Amino acid sequence: MADVKVDKTLDVRGEVCPVPDVETKRALKKMESGQVLEVLIDYPLSKERIPANVKKEGHEVLAIEEVGNSEWRILIRKK
Amino acid sequence: MGVFTGFITGILFGIVLQRGRLCFNSAIRDLKLFKDNYLWKAVMLGIAIETLLFPLMAQAGWIHLNPKPFIPVGDIIGGLLFGFGMVLAGGCASGVTYRTGEGLTTAWLAAIFYGLFGAASKYGFLKPVVKFLRGPVYKINSPGGIYTEGKIGPTIATSLHINPWIPAIIFAAILLWYVFGTKTSERSGKGFNWITTGILAALVGGLAYYTSSHFGGRNYPLGITGGWINIFKTFTGGKLNWEGGEILGIIIGAFLSALASKEFKLRMPRNPMAYVQVVVGGAFLGIGAVTASGCNIGNFFSGVPHLAWGSLLASLFFVLGNWIMAYWLYGRR
C-alpha cells in the first residue's frame, strides 16, 4: 500500500495503554471524510483493537503492515 | 518445591496473559471507553469456569476453599484506589507484571512502585494508615465441608446457610449465558481467541490452588500482590515463597511468549511525564491492593469464584474506580 496518500501520521509507539487507541479515535474525529490516517504503533493489544474499533465506527481499514520488530503501520480511511 | 511449583504456575500464567493480551484494566475500561467487551468476556468465562472448578476440586478432596474476609471499608476504599491506579499505571496488577516481560518500560516502573508501596502498606511506613483505611475485618467460623477449617471470609452460601454448590451453579450459569448468549466485540490477530484465554486462565487458576496449598503453604489460587511484596522483602533478608516464584514465572513466561511471536521490544513513551503517571498509578495499585486484601487477581479473578462478599465488594469498586479515572483521563473532550 505504498501508493496511498497519507493525510496525517500518528506516531504512538511506546505509549501507555490505551493512549494509542484514544489518540486514533481523536485524530479521526478531526479529519475530513475520505482522508487517510496512518497510525504507527508497537503495542500488540492496540494492533488488534484499533482496527476492530474503527471498523465499528464505520471507517475503512486499508492495511495493517508489520514494519519492524513488533511495530505496525495501520492505514485508516475516514468514512 | 513451593517456589518451584509457583514458578512453573507463573510461567504458564505469563504465557496465557501475554498471548491472550489479558489485562483486566483493559477488560474493564474498554467496556465503557470503546464499548468493547472482548477481554471482559475472557475474564467472565474464566471466572465462570473457576466458580465450578474450585468446588469440584474441593469436593474431590484436592483442595479446601479459603474465601477472603469481608472488609467493608477497605474493600470500598482500596477498591477505588486500585481502580484509579489501574488506569494511571496503564495496567492492572497482572497486566503490569506480564508487560514487564514484554519490554514495556512504563510497566517496569509501575510494577516496581506497586511492589514498593505494597510492601510499605503491608509491613512499612504506610501500615498504620492502611490499617485505619481498612476498618473492621469480618470472618466467620467455617462450616466445614468444602471450606477449609478455622476462620474464613463469609460467602453467599455461608450467609444463606445453603450448600455452596447452589449459588455456584446459578452464578456460573448466569455468566455462561452472558458470554455465549450476547454479542461479542470483533477482534483478529495473533493473540489467543477470548474463549481460549478464559479457559486456559481458569485451568491455570486450578493448578495454582492445588500447588500453592500443597507445596507453598498458601491456601489460595492465583495472586499477584503478595508475590511482589515477597520479592521486595527478599532484598531485606526475607525468603522467596510460592507467590514470589509465581511473579518471576509470569515475567519469564510472558518474555518467552513475546520473544516467540516477535512481540518483545523495549518500549518507551515519547513524553517522560508518562513515567510520572505510571509511578503514581503503581503506588495506588500497591496501597489499594493491600487495603482491599487483594488485587484484580486475588479479589477479582481468584476471589469472585468463591462468591466471597469481600471479593465481590472489592471487585465492584475496582470497576467503579477504573471507570471514574478512565472518564477523567480519557473520556472528556
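Okay, residues lined up against (1) under 23 Å from B:L39 (Cα atoms); (2) without any contact (Cβ under 8 Å) to a residue 60 or more places away in the chain; (3) assigned to a loop (DSSP other than H, G, I, E, B); (4) in contact with a strand residue (DSSP E or B) (Cβ under 8 Å, 6 or more places away or on another chain):
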{"position": "A:D3", "(1), (2), (3), (4)": "no, yes, yes, no"}
{"position": "A:V6", "(1), (2), (3), (4)": "no, no, yes, yes"}
{"position": "A:R13", "(1), (2), (3), (4)": "yes, yes, yes, yes"}
{"position": "A:V22", "(1), (2), (3), (4)": "yes, yes, no, no"}
{"position": "A:E32", "(1), (2), (3), (4)": "no, yes, yes, no"}
{"position": "A:K47", "(1), (2), (3), (4)": "yes, yes, no, yes"}
{"position": "A:I50", "(1), (2), (3), (4)": "yes, yes, no, yes"}
{"position": "A:V54", "(1), (2), (3), (4)": "yes, yes, no, yes"}
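Based on this model, can you work out whether B:F132 counts as at pLDDT 95 or above, in a loop (DSSP other than H, G, I, E, B) and surrounded by fewer than 18 Cβ atoms within 10 Å (Cβ to Cβ)? Here the answer is no, as B:F132 does not meet what is asked. The residues on offer are B:T5, B:T51, and the sole one that is over 21 Å from B:G310 (Cα atoms), polar (S, T, N, Q) and touching a helix residue (DSSP H, G or I) at 6+ places or on another chain (Cβ under 7 Å) is B:T5. Looking at B:F82, B:F54, just one residue is surrounded by 24 or more Cβ atoms within 10 Å (Cβ to Cβ), touching a strand residue (DSSP E or B) at 6+ places or on another chain (Cβ under 7 Å) and in a helix (DSSP H, G or I), and that residue is B:F54. Give B:I170, B:I140, B:I156 a once-over and let me know the one that is farther than 13 Å from B:W309 by Cβ and of a type outside the set (K, R). None of the others qualify; the one that does is B:I170.
For B:G74, the stated conditions do not hold, so it cannot be described as assigned to a helix (DSSP H, G or I) and within 13 Å of the chain's Cα centre (by Cα). Checking every residue in segment B:138-156 against the condition of being away from chain A (no Cβ under 14 Å), crowded, with 21+ Cβ neighbours inside 10 Å and part of a helix (DSSP H, G or I) gives zero matches.
The values are calculated or read from the model by the stated rules, or taken from the named source; none is laboratory data. What you see is a predicted model, and the numbers here were worked out from it, not measured in a lab. A quick note on method: Cβ atoms are made from the backbone with ideal geometry, for glycine too, and the neighbour counts reach across all protein chains shown.
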